[in-house]
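Inspection log for the structure reproduced underneath, given as C-alpha cells.
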Amino acid sequence: MAQGEILQRFTPPAIRAVQYAKEEARRFQGNTVGSEHVLLGLIREQEGVAARVLEHLGVSLGRAQNEIRRQIEAMDTRGPAPASRSWSPGARRVLERATEEARELNPKLGLPSFVDTEHLLLGLVHDSDSAAVRVLHALGVDPEHVRREVIGQLGGGAAVTATLPKMEKVAVPAAAPEMEKWIDAAKRLGAAEAKMISPRSVVTAPWVRLKCQYGCGGWGLRLTCPPRSPTPEQTRAVLDCYTTAVLVHVPGEGNWRSIKQIVADLEREVFLAGHYKAFAFGSGPCDLCEECNLEACAHPHQARPAMEAAGIDVFATARANGFPIEVVRDHTCPQNYYGLVLVE
Ligand code: SF4
C-alpha cells in the first residue's frame with residue numbers, strides 16, 4: 001500500500017505523531033525517518049494512548065532523545081543533511097504494522113479501522129530488531145510490557161492483561177454487532193448517517209472557544225454555552241473516559257436544530273440500555289427556552305452543549321471519520337451538522 005493511502009486511515013493525533021517524527025529526524029540530522037523518530041513523535045503527541053503508556057513506563061522525551069543521541073554517536077551514522085527524508089524500511093514497517101494492528105483490534109472493540117497512536121506504538125514494538133526497540137531496551141522498558149499497557153488502556157483491564165501474554169488472546173469488550181444498533185437508532189431518530197467511532201478520533205483544540213467568544217454573540221447567554229460549558233481540556237479528559245461513541249450526521253440548511261433533539265433522544269436510549277455513562281453533544285446554542293435560566297437548567301434531560309461549545313473541532317472530527325464538511329460561504333453551499341453521543 002502507498003504511504004499516502006496508509007495515512008488516510010490515520011486519526012489526527014496519529015498524523016501529528018508522524019509529523020513530529022519527521023521533525024525529530026531533522027533535529028537528529030538522520031538520513032531517513034526511522035522507527036526511533038516515530039517513538040519520539042509518539043511521546044511528543046500528548047493527545048493519545050501511546051503518550052500515556054510511555055509516560056507511565058517512565059519514557060520521557062528527554063530520556064529518549066538522550067538515548068538516541070548516545071546510540072547515534074556510538075555508531076557515528078550522521079551524514080550530510082539530505083534535501084528530503086524518506087522513511088526507513090523499519091519505519092515503513094511500523095506504519096504498515098500499525099494499520100494491521102488497527103484492522104485486527106478495532107473490530108473487536110466495535111470501532112472502525114482507523115489508525116491511532118496506540119496502533120503506531122504496537123507497530124513499533126512488533127519488530128524486536130528495530131532502532132526504537134533498542135532505545136526502549138536501553139531505557140529499561142520491555143516491549144512486551146508496552147503491549148500489555150496498551151491493551152490495558154484500550155479496555156482489556158489490568159486483571160485480564162496481566163495473565164495474557166499476547167494481544168491476540170485478549171478478550172476485548174463491546175462486540176461490533178452490539179454497538180451497530182446505535183447506528184440504526186440514530187437513523188430512526190432522524191439522522192441521515194451515523195458511525196460508531198473512537199472518542200480518540202474526536203479532536204479538541206483551544207482555538208475553538210475563540211469562535212464562540214468572538215464569532216457567535218451567544219457567549220455567556222446559555223448554560224450550555226461558554227464560559228459555562230466544558231473547556232477543551234475538560235472535554236478531552238471526558239473523551240478519554242470512553243471507548244465508544246456515535247457520530248451523528250444531518251445535512252441540510254438549518255438542521256443543527258434537529259441534531260440537538262436526535263442526540264438527546266439517542267443519549268436517553270443508550271442510557272436506558274445500561275450504558276450509564278451516556279452523554280450527548282449537540283450543535284448550536286440551546287433554544288429550548290426563550291430566555292435561559294442561568295441559575296438552573298429548565299430542561300436538564302434535554303439541554304446539552306454543542307460540540308463546538310465544548311471545544312471540539314467539528315471539521316477535523318468529521319473529516320477524521322470520513323464525513324463531509326466544508327466552510328459554508330453562502331446559502332448555495334452544502335451544510336452538514338454533527339452531534340456526538342458518548343456510549344461507554
Ligand atoms: S433548557 Fe433553557 S435553561 Fe436549560 S440551557 Fe437551554 S435555554 Fe438554558
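The values are calculated or read from the model by the stated rules, or taken from the named source; none is laboratory data. Since the model is a prediction, treat every value here as computed from it, not as a measurement. FYI the Cβ positions are ideal-geometry reconstructions off the backbone, even for glycines, and counts take in every protein chain you see.
Listed by first and then second residue, the pairs with beta-carbon distance under 8 Å, at least 6 apart or on different chains, first residue in segment 202-222 and more than 25 Å from D116 (Cα to Cα) and within 16 Å of the ligand (Cβ to nearest atom), second among the acidic types (D, E) and not in a loop (DSSP other than H, G, I, E, B), are C212/E308.
Picking from R78, R70, R44, which residue would you name as being surrounded by fewer than 23 Cβ atoms within 10 Å (Cβ to Cβ), closer than 16 Å to R26 by Cα, modelled with pLDDT under 85 and in the same structural domain as A131 (by TED's automatic domain parsing)?
On the way: R70 fails: closer than 16 Å to R26 by Cα; R44 fails: modelled with pLDDT under 85.
Checking each option against the conditions leaves just R78.
Count of segment 200-217 residues, restricted to those that are crowded, with 18+ Cβ neighbours inside 10 Å and part of a loop (DSSP other than H, G, I, E, B), is 2. Take V270 and tell me if it is more than 16 Å from the ligand (Cβ to nearest atom), at pLDDT 95 or above and buried (at least 21 other Cβ atoms within 10 Å of the Cβ). So V270 fits the description; yes. Candidates in segment 290-329 are the residues that are of a type in the set (D, E) and within 16 Å of the ligand (Cβ to nearest atom); of these, the one that is surrounded by the fewest Cβ atoms within 10 Å (Cβ to Cβ) is E290.
Is segment 308-329 home to any residue that is modelled with pLDDT of 95 or more, farther than 18 Å from K187 by Cα, not small (G, A, S) and not in a strand (DSSP E or B)? There is at least one residue in segment 308-329 that is modelled with pLDDT of 95 or more, farther than 18 Å from K187 by Cα, not small (G, A, S) and not in a strand (DSSP E or B). Just wondering, is there one or more residues in segment 239-250 that are assigned to a helix (DSSP H, G or I) and outside the structural domain of Q153 (by TED's automatic domain parsing)? Taking every residue of segment 239-250 in turn, at least one turns out to be assigned to a helix (DSSP H, G or I) and outside the structural domain of Q153 (by TED's automatic domain parsing). Per the listing P324, P305, the residue uniquely within 23 Å of A237 (Cβ to Cβ) and either in the same structural domain as R236 (by TED's automatic domain parsing) or over 26 Å from the mean Cα position of the chain (by Cα) (or both) is P305. Does at least one position in segment 281-289 carry a residue that is over 18 Å from A320 (Cα atoms), of a type in the set (D, E, K, R), within 13 Å of the ligand (Cβ to nearest atom) and without any contact (Cβ under 8 Å) to a residue 24 or more places away in the chain? Within segment 281-289, none of the residues are over 18 Å from A320 (Cα atoms), of a type in the set (D, E, K, R), within 13 Å of the ligand (Cβ to nearest atom) and without any contact (Cβ under 8 Å) to a residue 24 or more places away in the chain.
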